[in-house]
Amino acid sequence: LLQGIAVEWGLAVAGLHREPGGWRAVDAQGRTLAEAPRLVLAVPAPQAAQLLGATGADGTPIAPGLEPVIEALSAVRY
């Protein structure tokens, strides 16, 4: 099923950055792991909330406008 799709295993996304053309995923050192026009998160709700609720170096949210989504994800209890 993955024929023709670039897959990277064993990478940890430390942050997401919303940009004019879409999204950029970075590792703990700030290196770009992937860029895409759309973002699909397939991780537990607390981890998704943490990634989407992060702020940039200047303190501004990296995903402005997603506060209701982040709040809903943060409220999920397992």
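General remarks:
- Which listed residue is open to solvent by 70 Å² or more (accessible area, probe 1.4 Å) and either in contact (Cβ under 8 Å) with a residue 24 or more places away in the chain or part of a loop (DSSP other than H, G, I, E, B) (or both), from Leu39, Leu73, Leu16, Leu1: Leu1
- The one condition in (1) without any contact (Cβ under 8 Å) to a residue 24 or more places away in the chain; (2) closer than 20 Å to Glu67 by Cβ that Ala25 fails to fulfil: (2)
- Among residues of the range 46-62 being crowded, with 16+ Cβ neighbours inside 10 Å and hydrophobic (A, V, I, L, M, F, W, C), the one that is farthest from Ala75 (Cα to Cα) is Ile62.
- Filtered residues of the range 42-70 (kept if within 20 Å of Glu8 (Cβ to Cβ) and outside any loop (DSSP other than H, G, I, E, B)): Gln47, Ala48, Leu51
The values are calculated or read from the model by the stated rules, or taken from the named source; none is laboratory data. Bear in mind that the values here come from a model prediction, so they are computed numbers and not experimental data. For neighbour counting, all protein chains shown are included, and Cβ atoms are generated from backbone atoms with ideal geometry for every residue, glycine included. What goes into the accessible areas is simple: the full protein's heavy atoms, side chains included, and nothing from ligands, DNA or RNA. Shrake-Rupley method; radii C 1.70, N 1.55, O 1.52, S 1.80 Å.
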